[in-house]
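Following: one structure in structure tokens, then a few remarks.
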Amino acid sequence: MITLASDFGTPYPAVMKGVLRQRTDARLVDVAHDFPRQDVRTAAFWLREVLPYFPPATHLVVIDPGVGTDRDAIVVRAGDHTLVGPDNGVLLPAARRLAGDAGRLEAYLIDEDGLDPVEPTTDQSEPNSRSQHPPQGRSRTFHGRDVFAPAAAAVHDITDLESFVWLEPTTADVDLELPTATLDAERAVGEVLAVDGFGNVITNVPGSALESRERVRANGEPIPVGETFAAVPVGDRLATVGSHGYVELDVNQGRGDEAFDLEPGDRVVLEPVPGDDG
Amino acid sequence: MITLASDFGTPYPAVMKGVLRQRTDARLVDVAHDFPRQDVRTAAFWLREVLPYFPPATHLVVIDPGVGTDRDAIVVRAGDHTLVGPDNGVLLPAARRLAGDAGRLEAYLIDEDGLDPVEPTTDQSEPNSRSQHPPQGRSRTFHGRDVFAPAAAAVHDITDLESFVWLEPTTADVDLELPTATLDAERAVGEVLAVDGFGNVITNVPGSALESRERVRANGEPIPVGETFAAVPVGDRLATVGSHGYVELDVNQGRGDEAFDLEPGDRVVLEPVPGDDG
Amino acid sequence: MITLASDFGTPYPAVMKGVLRQRTDARLVDVAHDFPRQDVRTAAFWLREVLPYFPPATHLVVIDPGVGTDRDAIVVRAGDHTLVGPDNGVLLPAARRLAGDAGRLEAYLIDEDGLDPVEPTTDQSEPNSRSQHPPQGRSRTFHGRDVFAPAAAAVHDITDLESFVWLEPTTADVDLELPTATLDAERAVGEVLAVDGFGNVITNVPGSALESRERVRANGEPIPVGETFAAVPVGDRLATVGSHGYVELDVNQGRGDEAFDLEPGDRVVLEPVPGDDG
């Protein structure tokens, strides 16, 4: 199985699928292709949250603002999973999560010249094709097609990555750590990691910060704590422990990001409401 | 085969697919994941129109504004099809259509504690995972991942639903009936069921209301009746019998919802144009 | 393998997939369903660029502003690929590319009455179904469901198209040629073929026009030529050779269409910067 994630929109993911289909019968599953463009951190967060629910698979990830520069292309073995993508940090939070403490976490540098070049399945002798459609060899702007898809197809059910002459053990150059929150008995200080499509504001504060509380002050304003969205009336704000295990600032059937005026990267401080216990 | 429908956008459907892939090799087909959020009625309409074109399958449906409340999670057997989702009415119009008159229509309550719990495929001994990613057991906000996907994976090619100890015959609590139009020889009174992506206004008035008419008054305004969009010039309005069998108010290569100023739930009255026969 | 492309958004593509799944076990791969509505030319461009990266396949294409009119439905054999769609030109640029010079390029007219009619998999004896859901036979507005999907399912792994009694050799009525640029040593005059989701402005000027240039005047304004987006600072404009082999007018991590104020169909003139060599 190969999963695909990118910031491509359409139809570029279909080009990657065509290349994969030229080379493998693996199942293909889309993670998302509408990640915010060139936003490595947001994609890294979502991949860390989503990929662990897949069985062992190869994960093809192309959020690649540095395409065509000297940033490396890498393959990361993380436990029973394999990730393929640019060496810009986007793979690492997911890889660490997938590997766990006891698991293997190894990076390999892709020698792009060692990959079978991607060719359209057309008769290249057509004169019009030759003059109007000259992509010979690798492009400098679409490594999803020319580097990462071929690499993912090659490694997707091979566990012995050392067997590939075009892979060389390396250390990932860019280590992206998603920020963690600080907690003490009095308060939690964290930040917004992501806003999902519902407008739920996902922070990096562990859900334990809400334990045995009925209310909490979020950036100074007291709001109810609920176990479900429906713990408050439709349209009302609440703090809850989201499905990721983090504190979320939400609105029942509405958009938390608008109600709290928060976006990714914004600071979030959670404190007891004065007078409340616990 | 398992179809998936939700109001999730991305990337949450991929989490459901990961869970499904951990448990089954079934084919997965997306119906849509951009249904209007928390809009049970609109999703119910589309599912009723779309699912009957599939061969017998399991349909995983998560439009679930009451997630985490005491609303039930159910499995519905409808003829040769099986539907899995919340007991909020979203499944029933499709289920009735799929069952037909002679077919079986049975509901089963899901005992959530009877399902194998969903686990990420990571090494849970990793300390950082433990502290930062504590989702143990079922979430209260993502039953698509924790309840409905596991249930769909379990039942997807089993016809004997009674064999599951975690399923118990029940009666669906919430019966959602999509509104029907009233017709007589003079006029039809109905409402807008949905607007599709082209802007076509789909009413609940059966197409027979346009039979042998060349024009019709729609909410008072005479418009031509056409068998195809192209029966009128580009940009002009028309009434036609859409692919669902209902009267649609459309614009040739334009948006009917804007031209007629109509949205789902709005009243639609169709009458003869004074002076016309038929 | 059957690929699907349309301007349908959702959920209509799922209806086509249901029909396909009733008739075939072929792999299904989405190319895109968000092509600009009724825009035959833009879809023709993208199909020409995307489909050649697939292995031999059947390509189901429904961009069909003339649905229900007397425009023909056709099957085109192009080398080892097969295309199915309306005879409005949308298939031809891709078909010519796929066929190449030496390859076979043949068109067949679909006799719609020769196709097995599409039926919902419901019990049609249900009275409510009968009155409210009367689509009997072919619709005039959804040939993706009623004509093209059934035709694609039928031909998808058959190489001998002459064997189908409902196919008759024909000549495509509408020949759509995407415009080509004119080049001489001094300047290139072309136009914008498409803008991709990143905002990259894809012209029809072959990439060779930028060879050995460090700068170029695009519609009068001098801009740097780069091999990669990152050749210029974030937010700056550049001309580059895109992955399609054409000159693109882009912004590093920004939107070229906005920075250059260009959209599909707009004229693009590339000239040397006065004083520059080459």
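The values are calculated or read from the model by the stated rules, or taken from the named source; none is laboratory data. Computed from a predicted structure; not experimentally measured. Cβ sites come from the backbone with ideal geometry, for glycine too, and all protein chains shown count toward neighbours. Surface accessibility is based on the protein's heavy atoms, side chains included, excluding ligands, DNA and RNA. Shrake-Rupley method; radii C 1.70, N 1.55, O 1.52, S 1.80 Å.
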C:GLY254's amide H: which non-local residues (gap 5+, or another chain) put their own amide H closer than 5 Å, with H modeled 1.01 Å from N in plane and none for Pro or chain starts?
-> C:GLY235
Loss of accessible area when B meets A, both sides summed, Å² nearest 100, probe 1.4 Å | 3500 Å²
Mean residue ellipticity at 222 nm from the helices of chain B, using -39,500 (n - 2.57) per DSSP H segment of n ≥ 4 over the full residue count, to the nearest 500 deg cm²/dmol?
-> -5000 deg cm²/dmol
Of every hundred units of 1.4 Å-probe accessible area on segment B:2-170, the number belonging to carbon and sulfur atoms, as a percent, is 46 percent
Selected from A:ALA57, A:ALA102, A:ALA26 as most flexible by GNM, with chain A as the system and alpha-carbon contacts under 10 Å = A:ALA102
Per-residue HN-Hα couplings for segment A:235-246 [Karplus 6.51, -1.76, 1.60; θ = phi - 60°; Hz; x = Gly/Pro] = x, 8, 8, 7, 10, 9, 8, x, 5, 8, x, 9
Give the percent of DSSP beta bridges with both residues in the protein assembly as shown that are antiparallel, rounded to the nearest 5.
-> 75 percent
Expressed as a whole number of Å, what is the distance separating the alpha-carbon centroids of segment A:1-71 and segment B:161-229?
-> 40 Å
Quick one: Karplus J couplings for segment A:103-115, per residue in order, coefficients 6.51, -1.76, 1.60, θ = phi - 60°, nearest Hz, x for Gly and Pro?
-> x, 7, 9, 9, 10, 10, 7, 8, 8, 4, 6, x, 7
Could you state the per residue volume, in Å³, of the convex hull enclosing the Cα atoms of chain A?
-> 147 Å³
Debye equation applied to the C-alpha atoms of the protein assembly as shown, log10 I(q)/I(0) at 0.06, 0.08 Å⁻¹ | -0.42, -0.76
If you plug each phi of segment C:146-163 into the Karplus form 6.51 cos²θ - 1.76 cosθ + 1.60 with θ = phi - 60°, what whole-Hz ³J(HN,Hα) values come out, in order, with x for Gly and Pro?
-> 9, 10, 6, 5, x, 5, 5, 4, 5, 8, 5, 10, 9, 8, 9, 5, 5, 6
Isotropically averaged projected area of segment A:182-271, using the convex hull of Cα atoms (one quarter of hull area), nm² = 4.9 nm²
Accessible surface, per residue, of the protein assembly as shown when the full set of protein chains is kept, probe 1.4 Å, Å² = 37 Å²
Relative to the compact-globule estimate 2.2 N^0.38 Å (N residues), the Cα gyration radius of segment A:83-125 stands at a ratio of 1.76
Percent accessible area from carbon and sulfur atoms, segment B:182-271, protein chains only, probe 1.4 Å | 43 percent
What does the convex hull of the Cα atoms come to per residue for segment C:32-86, in Å³?
-> 78 Å³
Counting only protein heavy atoms and leaving out ligands, DNA and RNA, the solvent-accessible surface of C:ARG21 at a 1.4 Å probe, in Å² to the nearest 10, equals 30 Å²
Amide H neighbours of B:VAL273 at under 5 Å, excluding residues fewer than 5 places away on the same chain, with H built from the backbone geometry, are B:ARG217
Averaged over A:241-249, number of beta-carbon atoms from partner chains that fall within 10 Å = 5
Taking every residue of A:139-152, the Cβ atoms of other protein chains inside 10 Å of its Cβ average out to 3
Using modelled backbone amide H atoms (1.01 Å from N, in-plane), which distant-in-sequence or interchain residues come within less than 5 Å of A:THR121's amide H?
-> C:TYR53, C:PHE54
Can you check how the C-alpha radius of gyration of segment C:1-153 compares to 2.2 N^0.38 Å, as a plain ratio?
-> 1.05
